[in-house]
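The structure under discussion appears below in the form of structure tokens.
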Amino acid sequence: MQSIRDRFATTQWTLVLAAGKRGSPEAEEALARLCSLYWYAIFAFVRRHGHSLEGAQDLTQSFFARLIEEEDFAAADRDRGRFRTFLLTACQHFLLNEHDRRHAIKRGGHSDAHTASRLFARPSWRDAIRGPLTERQRARSL
């Protein structure tokens, strides 16, 4: 069951539209207000996806920072649906991308193309032992 704090605030579309107009004097104030209004609902959404308290706080902050950086508030459109749906969908994509990014790092991701091609070109241990075995097998068959 959702608590009152988990619920999304009623959308103030004038605030959303103002936030989408980067460079305007109202944009900074509107962005701060939107982040404040929706922070807890997004935080609760992230927590429900199994993240720790600290992890959810970090992810929530990163999510809003990304929305601001990428100017995603400008993409919100009243005619295309609810603002909460826009935020939850954006947050879901953000969480999936963060998961993929973290797992790519664990697998050795983020290497440059030169390093990757060098590793690919290096003979594997199987190739290293296969050569001498093949020569021995050929020598035995003579």
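The values are calculated or read from the model by the stated rules, or taken from the named source; none is laboratory data. Only a predicted model underlies this, so the values are computations on that prediction, with no experimental measurement involved. Note that each Cβ is placed from the backbone with ideal geometry, even for glycine, and that neighbours are counted across all protein chains shown.
Observations on the model:
- Residue within the range 7-18 that is modelled with pLDDT of 90 or more, assigned to a helix (DSSP H, G or I) and of a type outside the set (A, V, I, L, M) present: no
- Helices (runs of 4 or more DSSP H) fully within the range 33-142 that include at least 1 residues being within 27 Å of Ala9 (Cβ to Cβ) and at pLDDT below 90: 53-69, 83-106.
- The range 13-43, residues that are buried (at least 18 other Cβ atoms within 10 Å of the Cβ), free of Cβ contacts under 8 Å to residues at least 40 places away in the same chain and in contact with a Ser or Thr (Cβ under 8 Å, 6 or more places away or on another chain): Ala18, Phe43
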